[in-house]
1. Would you mention how many residues in segment 277-316 are part of a loop (DSSP other than H, G, I, E, B) and modelled with pLDDT of 95 or more?
2. Residue check: is P203 assigned to a loop (DSSP other than H, G, I, E, B), more than 25 Å from G92 (Cα to Cα) and touching a helix residue (DSSP H, G or I) at 6+ places or on another chain (Cβ under 8 Å)?
3. Report yes if D305 is within 16 Å of the chain's Cα centre (by Cα) and of a type in the set (D, E), otherwise no.
4. Return yes when I201 is more than 26 Å from T81 (Cα to Cα) and without any contact (Cβ under 8 Å) to a residue 60 or more places away in the chain and no when it is not.
5. Residue under question is A84, and the condition is that it be touching a residue at least 60 places away in the same chain (Cβ under 8 Å), surrounded by 14 or more Cβ atoms within 10 Å (Cβ to Cβ), of a type in the set (G, A, S) and touching an Asp or Glu at 6+ places or on another chain (Cβ under 8 Å); does it hold?
6. For segment 213-223, check the following and say yes or no: at least one residue is farther than 26 Å from L65 by Cα and either surrounded by fewer than 23 Cβ atoms within 10 Å (Cβ to Cβ) or not charged (D, E, K, R) (or both).
7. Working carefully through the options V254, V269, find the one that is modelled with pLDDT of 95 or more, loosely packed, with under 15 Cβ neighbours inside 10 Å and in contact with a strand residue (DSSP E or B) (Cβ under 7 Å, 6 or more places away or on another chain).
8. Residues to consider are W153, W96; find the one that is at pLDDT 95 or above, surrounded by 14 or more Cβ atoms within 10 Å (Cβ to Cβ) and not in a helix (DSSP H, G or I).
Amino acid sequence: MRPRRYRYRPRRILPLGAIVLAAVVAGAWAGRQRSTPIPNAAASGPLVISATSGHTVQARPLHLLTDTDVVGHVFSPPLTTKAAIVVDAGTGRVIWALKPHARLRVASLTKIMTALLAFRKLAPNDVVTVDKTVPRVPLVREGLRAGERVKAWKLFYSMLLYSGNDDALELAIATGGDKWAFVREMNDEARRLGMSDTHFISPSGVVDRDNYSSAWDLAALTRVALRNERFVRVVRTRIIQVPWSAPTYSKIYVNNNRLLGSYPGANGVKTGYTHKSGPCLVASATRHGHTLIAVLLDDPNMYADAARLLNFGFAQ
């Protein structure tokens, strides 16, 4: 018996060929998409949508400080700080600097950024419910209890005066939804402000690993923060008694910044310390209508050096 022969007519082959051709084209297109690198927003800065064209464009970082008129000066005896800067808060002029772009651990100076972002989103009387993770944050804590309801203004005073790490975490969660979303906002804002020496890993600075900044960047950040009246009101406060719910009833927060009340015109800003960062300080003072910002990182004599640095700045 002879085997049956099948004849393939063109109209039977064409649909199959079309399917194969479509699959080849689709595969080539997908491969091309995979081979196209995705822009690294973390490295290149935040992306924004242009209001005129509707296209995604790269936002240019702000230029908050200028070093075209820095005074050459040698302190005698030398300052004991690893890095320092003194800046005119009004103009952004750098008056004097020592290793201003050195990337160093900054401990609780991190909370300046946390406060700046949280102030923008939380009104003073907004009530937040303390997240269950907050009481477990490493020391220093003021003692927030999971589930208790607290007005935001109380957390700001505790975070910036007492430097409570639990306050910083709760403000981060209340502002960003969760800790890591807020940390991303912190780094996005750092890029927007042109803080190229900075990276944050927590809202409090209690974790030193990969949490760093520079004297230059912190001066630029503080210059922005001092434009916020609520921030200014808090950081210039020396001591405040805050009513609290039972069974606490009342808390007293004392500002860790010892320049307040001891240096004429001092009105802020924040202290910081861990074993790895050493003593850190961002100080501000106002005289005759001029406000100066001084930053000292890893300085065992930070208050004495801050006074010398501010005196020099005002003399200029």
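1. First, pick out the residues of segment 277-316 that are part of a loop (DSSP other than H, G, I, E, B): 277-279, 288-289, 298-301, 316.
Add one more test, that the residue is modelled with pLDDT of 95 or more, and what stays is 277-279, 298-301.
Total meeting the criteria: 7.
2. For P203, the condition - assigned to a loop (DSSP other than H, G, I, E, B), more than 25 Å from G92 (Cα to Cα) and touching a helix residue (DSSP H, G or I) at 6+ places or on another chain (Cβ under 8 Å) - is met.
3. Values: within 16 Å of the chain's Cα centre (by Cα): no; of a type in the set (D, E): yes.
When the stated conditions are applied, D305 does not pass them.
4. Working: more than 26 Å from T81 (Cα to Cα): no; without any contact (Cβ under 8 Å) to a residue 60 or more places away in the chain: yes.
When the stated conditions are applied, I201 does not pass them.
5. Working: touching a residue at least 60 places away in the same chain (Cβ under 8 Å): yes; surrounded by 14 or more Cβ atoms within 10 Å (Cβ to Cβ): yes; of a type in the set (G, A, S): yes; touching an Asp or Glu at 6+ places or on another chain (Cβ under 8 Å): yes.
So A84 fits the description; yes.
6. Pass one, segment 213-223, residues farther than 26 Å from L65 by Cα: none.
Scanning segment 213-223, I find no residue that is farther than 26 Å from L65 by Cα and either surrounded by fewer than 23 Cβ atoms within 10 Å (Cβ to Cβ) or not charged (D, E, K, R) (or both), so the answer is no.
7. Details: V269 fails: loosely packed, with under 15 Cβ neighbours inside 10 Å.
None of the other options fit; the residue is V254.
8. Working: W153 fails: not in a helix (DSSP H, G or I).
Sole residue among the options that is at pLDDT 95 or above, surrounded by 14 or more Cβ atoms within 10 Å (Cβ to Cβ) and not in a helix (DSSP H, G or I): W96.
The values are calculated or read from the model by the stated rules, or taken from the named source; none is laboratory data. From a predicted model like this one, the values you see are computed outputs, not experimental measurements. All Cβ positions, glycine included, derive from the backbone under ideal geometry; neighbour counts span all protein chains shown.
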